[in-house]
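Trainee: Below is a structure I'd like to ask you about.
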Amino acid sequence: MEIEGLKKELKKYLKEDRYKHSICVMEMSEKLANHYNVNKQKVMKAALMHDLAKELPFDELKKYIIKNSIYVSKIEMSVGVTLHGKVAADICRKKYGFDKEMCIAISNHTTGKPKMSMLEKIVFIADKIDETRKYEGIEELRKLAFKDIDEAILQNIDNTISNNMKKGRPILEESIKTRNYILINKNK
Ligand SMILES: [Fe+2]
Ligand SMILES: [Fe+2]
């Protein structure tokens with residue numbers, strides 16, 4: 001399905017604000033795809049649809065995951081923040097014919113994962129620096145994403161981990177694995 005058709009589909013799932021975020025993530029991913037020479041159509045579609053399942057209630061996400069035998073770790077299942085990506089990836093594969101790389105990018109957009117492809121990196125970081133987001137340091141992070149995308153991802157994960165620590169929330173292993181992978185492979 002082409003982007004215009006996907007937009008119409010997405011509108012059925014999301015309220016206005018989140019729909020706008022999705023469009024802005026897609027636009028940011030287009031800029032990054034131009035910069036890093038990645039297949040624009042693929043990355044833009046994955047970026048557009050990454051939060052497709054974000055407004056489904058926790059119970060429904062859980063049910064969907066069990067019914068469709070999607071692998072999710074026990075901790076992720078109870079923390080819940082990553083479930084919408086897993087479900088969105090499954091829907092996009094089955095309903096809209098997204099390929100494996102696009103689905104992996106959607107599935108892991110919340111925490112990242114070790115050994116991400118450039119397309120996956122772009123979807124991950126575009127989600128954190130799109131035009132609808134406002135937080136301290138975002139301008140610097142936006143610039144950094146075009147200079148050194150790994151470093152930008154690393155800084156975003158560091159912020160997420162320290163925010164979760166401050167708020168007494170659990171830290172997902174997937175975030176730690178992504179962080180370690182980038183740190184160990186940096187400057188190699
Ligand atoms: Fe998300
Ligand atoms: Fe998002």
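Trainee: Taking the Cα centroid of the range 80-107 and of the range 118-188, what is the distance between the two, rounded to the nearest whole Å?
Mentor: Each part reduced to its Cα centre gives a spacing of 20 Å.
Trainee: Just the ratio, please: alpha-carbon radius of gyration of the range 1-80 over 2.2 N^0.38 Å, N its number of residues.
Mentor: Taking the Cα Rg and dividing by 2.2 N^0.38 Å, one obtains 1.26.
Trainee: Step through the residues of the range 49-54 one at a time and calculate ³J(HN,Hα) from phi using the Karplus curve (6.51 cos²θ - 1.76 cosθ + 1.60, θ = phi - 60°), rounding each to whole Hz and writing x for Gly and Pro.
Mentor: Per residue, the Karplus-derived 3J(HN,Hα) values read 9, 4, 9, 3, 9, 5 Hz.
Trainee: Same structure again: Give the relative contact order (percent, whole number) for the range 1-124; include only Cα pairs under 8 Å separated by 6+ residues. Can you show the working numbers first?
Mentor: Numbers: 151 pairs, mean separation 31.8, N = 124.
Across the range 1-124, relative contact order equals 26 percent.
Trainee: Which of H109, H21 comes first, and how do the rest follow, when ranked by fewest Cβ neighbours within 10 Å?
Mentor: Details: H109 26, H21 19.
Going from sparsest to densest Cβ surroundings: H21, H109.
Trainee: Where in the chain lies the longest segment free of chymotrypsin sites (Phe, Trp or Tyr not before Pro) that are both loop residues by DSSP (not H, G, I, E, B) and have at most 11 other Cβ atoms within 10 Å? Walk me through the numbers on the way to the answer.
Mentor: Values: sites that count: Y71, Y135.
Answer from the scan: 1-70.
Trainee: List, in order, the whole-Hz ³J(HN,Hα) value for each residue of the range 96-110 obtained from phi through the Karplus relation with A = 6.51, B = -1.76, C = 1.60 and θ = phi - 60°; use x for Gly and Pro.
Mentor: These are the phi-based 3J(HN,Hα) values: 10, x, 5, 7, 4, 4, 4, 5, 5, 4, 5, 4, 10, 5, 7 Hz.
Trainee: Using 32 Å as the Cα-Cα cut-off, could you pick out the over-long pairs in K20/K177; K8/K147; K94/K188?
Mentor: Correct reply: K8/K147; K94/K188.
FYI, it's all coordinate maths here, none of it is from the lab. From a predicted model like this one, the values you see are computed outputs, not experimental measurements. Heads up, the Cβs are rebuilt from the backbone with ideal geometry, glycines too, and the neighbour counts pull from every protein chain shown.
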